[in-house]
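Written below as structure tokens is the structure these notes are about.
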2 protein chains.
Amino acid sequence: MTHAERMQQDREQVERWLRQCFAGREPHGDIYDAMEYSLLAGGKRLRPILLLETCRMCGGDAEAVLPFACAVEMLHTYSLIHDDLPCMDNDDLRRGRPTNHKVYGEATAVLAGDGLLTACFETMLEAQVDLPAERIVAAAGCLARAAGARGMVGGQVLDMAGEGHALALAEVEELQQLKTGALISAAAEMGCILAGGSEEQRAAVRRYAQKLGLAFQIQDDILDVEGDETLMGKPLGSDQENEKTTFVTLKGVETCRELVAKLTQEAMEALSAFPDPSFLCWLAESLVGRKN
Amino acid sequence: MTHAERMQQDREQVERWLRQCFAGREPHGDIYDAMEYSLLAGGKRLRPILLLETCRMCGGDAEAVLPFACAVEMLHTYSLIHDDLPCMDNDDLRRGRPTNHKVYGEATAVLAGDGLLTACFETMLEAQVDLPAERIVAAAGCLARAAGARGMVGGQVLDMAGEGHALALAEVEELQQLKTGALISAAAEMGCILAGGSEEQRAAVRRYAQKLGLAFQIQDDILDVEGDETLMGKPLGSDQENEKTTFVTLKGVETCRELVAKLTQEAMEALSAFPDPSFLCWLAESLVGRKN
């Protein structure tokens, strides 16, 4: 199996699990429709794939941790729904489709986000898996810390506050480390935690994910300037329109491209002590050339 | 110590813990201010007190589970912030003060709610407590289930959908069981879980809390009609204004009063197998005569 086929297999497993996770639930209005509308809207599933693969790399059973991988995607999806709200980024399109609040209205969109954030923890804590409870507590705690006001929520606060202001490079770095980096790092670290990895392994995986997360974000900024709207599924140039300072506005596209290459290299080097890091190295490299 | 003094002591412990829990955190804009604004706005602290006291009644160490009690209050507070939003109930006042979005704006209010919901799980999962990890997973899972789309979030969906429509008694009961009952039950059950209570004890505590939660909600409906605005800290008559069907609109004040008395009696009876349920019986009775 090639790495590309393996990634496809991981992704299909995640899709299958997500498609069935709310099946048969009592309707309560259209809340589950709204949650599934965004949860099943495609997407790269980068975070769950990272979790599954760091788990494998640390000798764990990826099948067993699938609910945790999908829980991270629920959390990521909630953040997209709330970020798109009229009072936040006020976006109409996401992955080529109208945003959640455009379809279900603002109130349901807020609640769909709340529902997914809560379902994320319910999924992890009620998972019928044969794993020591200590690992479940540590993995879910790692995610909660990364997602909260010291992590992703804090990043969104800085992002809102930064609109229309010029930010310094260090500020953009902190903002992105919180807003997207924290969750990517947590996903990677959780796989290691659930596999029973050592402290050294956790630190190495964190280092890998931090480099990868930053490269991923810079690539996003590049794509917002020179990507393909059809492939991206949303109008480009939104950073400029919202007067956001990005890596590209600070450094220019060429320097950013070099930075992405350098960070990708460093991400791969962080895994050098593992016996078989080849998939995760390939994954890092494959993100450099991505078009969406 | 009288029961009233004991309740006061529980409440002060909760207040102290909540006041220090975000101390020293990096600011990230005004997100922590916004979270604390609502978290420290007073309130009865009914849910944390229930958790502490069911833990005691089941032979557990209430001191050790204080972070869990406070986590439930964080979750309750997030739900109030989001319920008050313009796209939801659009309330300007809460506990005698402007609502969160009136002070911090809508975007920060959404994020403060998200931050508190996440902090709730972070608090439970990262608590430095000497408790078996299995109990932490079970207690946090119990709360997640009660808070999500099958519980509190689902109740808010039904509440929004029910505005302007006449609901049948069974519908109002289901709505309230989800919207307020589920969280009150979870708080009570968590205390029992954390104390290592048996399945029978958990079932008895759940029965107690379900009766108490329903009585609490009916009393709320009565107070919305004939309470004192100063004591309530918000304008009354809001149910009528929002065309909400309540127990009072369906049954009238007198029948509701009888119902509250009957449910309170049943709540107390549910605890008959415990050696010392006197505080929780007193608590149930004390809520009947409450003015806010």
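The values are calculated or read from the model by the stated rules, or taken from the named source; none is laboratory data. Since we're looking at a predicted model, the values are computed, not measured. Cβ coordinates were reconstructed from backbone atoms using ideal geometry, including for glycine residues, and neighbour counts include every protein chain displayed.
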Residue ID - farthest from the other protein chains (Cβ to nearest Cβ), chosen from residues in the stretch A:6-31 that are assigned to a helix (DSSP H, G or I) and of a type in the set (A, V, I, L, M): A:Met7
For residues in the stretch A:106-115 being touching a residue at least 24 places away in the same chain (Cβ under 8 Å) and among the small types (Gly, Ala, Ser), which is nearest to the other protein chains (Cβ to nearest Cβ)? A:Gly115
Restricting the stretch B:181-209 to residues that are polar (S, T, N, Q) and without any contact (Cβ under 8 Å) to a residue 40 or more places away in the chain, the residue that is farthest from A:Gly115 (Cα to Cα): B:Ser198
Where residues in the stretch A:10-25 are over 18 Å from the mean Cα position of the chain (by Cα) and crowded, with 17+ Cβ neighbours inside 10 Å, which of them is farthest from A:Ala112 (Cα to Cα)? A:Cys21
May I ask you to list the residues in the stretch B:85-102 that are within 13 Å of chain A (Cβ to nearest Cβ), in contact (Cβ under 8 Å) with a residue 24 or more places away in the chain and either touching a strand residue (DSSP E or B) at 6+ places or on another chain (Cβ under 7 Å) or not acidic (Asp, Glu) (or both)? B:Leu85, B:Met88, B:Asn100
I need a count of the residues in the stretch A:185-207 that are within 19 Å of B:His28 (Cβ to Cβ) and among the hydrophobic types (A, V, I, L, M, F, W, C). 1
Selection count where residues are at pLDDT below 95, farther than 19 Å from B:Asp83 by Cα and either in contact with a Gly (Cβ under 9 Å, 6 or more places away or on another chain) or surrounded by 18 or more Cβ atoms within 10 Å (Cβ to Cβ) (or both), scope the stretch B:140-170: 1
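Here is a yes/no grid of residues against (1) within 14 Å of another protein chain (Cβ to nearest Cβ); (2) in a helix (DSSP H, G or I):
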{"position": "B:Ala4", "(1), (2)": "no, yes"}
{"position": "B:Asp33", "(1), (2)": "yes, yes"}
{"position": "B:Gly42", "(1), (2)": "no, no"}
{"position": "B:Arg47", "(1), (2)": "no, yes"}
I'd like to know if the stretch A:3-21 contains one or more residues that are under 25 Å from B:Ala161 (Cα atoms) and out of contact with any His (no Cβ under 6 Å at 6 or more places or on another chain). yes
Reported set for the stretch A:222-274 where residues are touching a residue at least 40 places away in the same chain (Cβ under 8 Å), within 18 Å of A:Leu175 (Cα to Cα) and either within 20 Å of the chain's Cα centre (by Cα) or surrounded by 16 or more Cβ atoms within 10 Å (Cβ to Cβ) (or both) is A:Ser238, A:Lys244, A:Thr245, A:Thr246, A:Phe247, A:Leu250, A:Lys251, A:Leu259, A:Val260, A:Leu263
When both residues are 6+ apart or on different chains and their Cβ atoms are under 8 Å apart, which pairs have a first residue that lies in the stretch B:44-58 and is under 16 Å from B:Ala267 (Cβ atoms), and a second that is among the acidic types (Asp, Glu) and part of a loop (DSSP other than H, G, I, E, B)? B:Met57/B:Asp276
From the list B:Thr123, B:Thr118, B:Thr77, exactly one residue is closer than 20 Å to A:Thr118 by Cα, within 8 Å of another protein chain (Cβ to nearest Cβ) and hydroxyl-bearing (Ser, Thr, Tyr). Which is it? B:Thr118
A:Leu259 passes all but one of (1) outside any loop (DSSP other than H, G, I, E, B); (2) of a type outside the set (Gly, Ala, Ser); (3) in contact with a strand residue (DSSP E or B) (Cβ under 6 Å, 6 or more places away or on another chain); which number fails? (3)
Kindly indicate whether B:Pro98 is modelled with pLDDT of 95 or more, surrounded by fewer than 16 Cβ atoms within 10 Å (Cβ to Cβ) and over 22 Å from B:Val205 (Cα atoms). yes
Options B:Gly60, B:Gly113; residue that is surrounded by fewer than 24 Cβ atoms within 10 Å (Cβ to Cβ) and of a type in the set (Gly, Ala, Ser): B:Gly60
When you scan the stretch A:273-280, do you find a residue that is in a helix (DSSP H, G or I) and in contact with a Ser or Thr (Cβ under 8 Å, 6 or more places away or on another chain), even just one? yes
Could you check the stretch B:116-139 and list, in sequence order, the residues that are surrounded by fewer than 22 Cβ atoms within 10 Å (Cβ to Cβ) and of a type in the set (A, V, I, L, M, F, W, C)? B:Ala127, B:Val129, B:Leu131, B:Ala133, B:Ala138
What tally of residues in the stretch B:128-153 results from selecting those that are within 30 Å of A:Asp33 (Cβ to Cβ) and more than 7 Å from chain A (Cβ to nearest Cβ)? 5
Out of the stretch A:186-202, which residues are in a helix (DSSP H, G or I), surrounded by fewer than 24 Cβ atoms within 10 Å (Cβ to Cβ) and touching a helix residue (DSSP H, G or I) at 6+ places or on another chain (Cβ under 9 Å)? A:Gln201, A:Arg202
Is it true that A:Val137 is outside any helix (DSSP H, G or I) and either touching a residue at least 24 places away in the same chain (Cβ under 8 Å) or over 21 Å from A:His82 (Cβ atoms) (or both)? no
